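Here's the structure, in structure tokens; my notes come after.
The values are calculated or read from the model by the stated rules, or taken from the named source; none is laboratory data. Fair warning: this is a prediction, and the values are worked out from it, not measured in the lab. All Cβ positions, even for glycine, are placed from backbone atoms using ideal geometry, and neighbour counts span all protein chains on display.
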């Protein structure tokens, strides 16, 4: 792309691709979408005025795992054993774990941390869940887990574990429930910024956009298969702002 002198680089897939683009050029505009804290990750130094050659959309979905834990507790208020599946290779996994542990402590909930770096690790994690007789599972936000939708959904069904995910692709594939930013809206915003840059605006003058639409997706067929009654408070919510 550098050799071709492209007008703008649009990156998908979170921080790794955006950071790679930033390391490659300080002149070509970069328009990114990411799921973590863009300041902590080193992409920009300010959300309101990112300066330099980067701007984009930060969905902050990694920081929402604590919110998902509260929703999971609302779904299973009497759960005594809840697990959090996290990929320790994700560069902000420690922050994810810390946020969820803090949220668990605030409501007097014990949380068991399970790590999965590989496909086999996921299988092993569910074997552990069965041994501990977990009442519920929260799957962390991570690109690796997004590539294992079918595996995670099948294992959750096989072990009859109510599981909450971060993206609608999971309940669409048979998972129980997801909560997170509307991804279509985030990509639309990404395209709008690419168009503005192509028309001459500088990326450093375009503030990092944050999500405004959040969706709670439930699969009622899966809930029935689990013999789980979803509380009316969750059924009534279509979009959470």
Report summary line: All-but-one check, residue 163 against (1) modelled with pLDDT of 90 or more; (2) surrounded by fewer than 17 Cβ atoms within 10 Å (Cβ to Cβ); (3) farther than 30 Å from residue 9 by Cβ, failing number (2)
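So that you can scan it fast, the table gives a plain yes or no per residue for (1) in contact with a helix residue (DSSP H, G or I) (Cβ under 8 Å, 6 or more places away or on another chain); (2) not assigned by TED's automatic domain parsing to the domain that holds residue 35:
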{"site": "132", "(1), (2)": "no, yes"}
{"site": "139", "(1), (2)": "yes, yes"}
{"site": "149", "(1), (2)": "yes, yes"}
{"site": "152", "(1), (2)": "yes, yes"}
{"site": "155", "(1), (2)": "yes, yes"}
{"site": "162", "(1), (2)": "yes, yes"}
{"site": "174", "(1), (2)": "yes, yes"}
{"site": "202", "(1), (2)": "no, no"}
{"site": "224", "(1), (2)": "no, yes"}
Report task. Go through region 193-220 and count every residue that is more than 30 Å from residue 79 (Cβ to Cβ), under 22 Å from the mean Cα position of the chain (by Cα) and without any contact (Cβ under 8 Å) to a residue 40 or more places away in the chain. Result -> 1
Requested in this report: Starting from region 5-19, keep only residues that are touching a residue at least 24 places away in the same chain (Cβ under 8 Å), then list their pairs with residues that are assigned to a loop (DSSP other than H, G, I, E, B) whose Cβ atoms are within a distance under 6 Å, requiring at least 6 positions of separation or different chains.
Outcome: 8/29; 14/35; 15/36; 15/41; 18/43
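Evaluate the following for residue 223: is it surrounded by fewer than 16 Cβ atoms within 10 Å (Cβ to Cβ) and either over 16 Å from the mean Cα position of the chain (by Cα) or farther than 26 Å from residue 111 by Cβ (or both)? Can you show your working first?
Numbers: surrounded by fewer than 16 Cβ atoms within 10 Å (Cβ to Cβ): no; either over 16 Å from the mean Cα position of the chain (by Cα) or farther than 26 Å from residue 111 by Cβ (or both): yes.
Considered against the rule, which asks whether it is surrounded by fewer than 16 Cβ atoms within 10 Å (Cβ to Cβ) and either over 16 Å from the mean Cα position of the chain (by Cα) or farther than 26 Å from residue 111 by Cβ (or both), residue 223 comes out as no.
Looking at 71, 43, can you tell me which residue is touching a residue at least 12 places away in the same chain (Cβ under 8 Å), over 30 Å from residue 5 (Cα atoms) and either in the same structural domain as residue 128 (by TED's automatic domain parsing) or crowded, with 19+ Cβ neighbours inside 10 Å (or both)?
71
Among the candidates 215, 241, 229, single out the residue that is at pLDDT below 95 and more than 26 Å from residue 43 (Cβ to Cβ).
After applying the criteria, what remains is 229.
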Query - Elements of type strands (runs of 3 or more DSSP E) in region 17-125, at least 1 residues being farther than 15 Å from residue 165 by Cβ - result: 30-34, 54-58, 111-115
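So which of 18, 116, 103 is within 17 Å of the chain's Cα centre (by Cα) and under 19 Å from residue 187 (Cβ atoms)?
On the way: 116 fails: under 19 Å from residue 187 (Cβ atoms); 103 fails: under 19 Å from residue 187 (Cβ atoms).
Checking each option against the conditions leaves just 18.
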